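Everything below concerns the one structure shown next.
No lab work stands behind these numbers, since they all come straight from the coordinates. Bear in mind that the values here come from a model prediction, so they are computed numbers and not experimental data. Cβ atoms come from the backbone with ideal geometry, glycine included; neighbour counts cover every protein chain shown.
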């Protein structure tokens, strides 16, 4: 069965995934909207930079985050100059790494949903006197709600499954940076396959159910939108 360290890892992982997902939605929404509307020439460079974590080895991203956020890195030195301390090997560092690593899983679904809204609906709302902000919240956001659901689920699930990034930037401090993926690795390394199975099976089932929810919701949303 699970021990105290496993339970602590579950709590830290859920806390990390929830906070990271909330931050990702706040950051990803305006970014995805801008990408779906802009026609600037270097848009492809920005999109490639955002999508980089999709193909970049997690340990590479984690390594450069460690150099950046560590005591000798630019951000670490800046924080220390303000009287603070480096956020490497802290929960805050995990959040920063998770947000960067899961960013494309949130931005891309939102960008696709915003792109599918089309300009006609926005123009109709504008002719009725709605401001750009009103058009965004009353037209674009409701029409793109399937993208928000997909982005939130993928961002949450992807954060839960992180290993390389969180290990490099956070280490394995119980109750602080020790997450489920690292707990599973520790159990396997010590030949505790039973405990590793409990944690792995739980993640597998949860991930599968979350994906089913996304597919069912998107299918229902597509049918309702078609009827409208």
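As a rough footprinting exposure proxy, the listed residues 40, 11 were ranked by other beta carbons within 10 Å of their own, and the order from fewest upward is 40, 11. Volume per residue of the convex hull around the Cα atoms, evaluated for the stretch 4-227, comes out as 147 Å³.
Let me have the relative contact order for the stretch 4-227, percent, based on Cα pairs under 8 Å that are six or more residues apart. Don't skip to the answer; put the middle values down first.
Numbers: 256 pairs, mean separation 66.9, N = 224.
Relative contact order of the stretch 4-227: 30 percent.
The angle between the Cα long axis of helix 145-160 and the main principal axis of the chain comes to about 10°, on a 0 to 90 degree scale. Name the shape class, rounded, prolate or oblate, that the alpha-carbon gyration tensor gives for the stretch 109-228, where a ≥ b ≥ c are the square roots of its eigenvalues, rounded holds for a/c under 1.5, and otherwise prolate holds if a/b is larger than b/c and oblate otherwise. Verdict is prolate for the stretch 109-228.
Separation of the stretch 160-177 from the stretch 77-112 is 13 Å, based on Cα centroids.
Put a dot 7 Å past the Cα of residue 190, heading toward its Cβ, do the same for residue 215, and the two dots end up 3.7 nm apart. The calculated FRET efficiency for residue 55 paired with residue 130, based on their beta-carbon distance and R0 = 45 Å, is about 0.65. Distance between the modelled labels on residue 115 and residue 11, one decimal in nanometres: 4.3 nm (7 Å Cα→Cβ projection).
Relative to the longest principal axis of the Cα atoms of the chain, the long axis of helix 4-37 lies at roughly 30 degrees.
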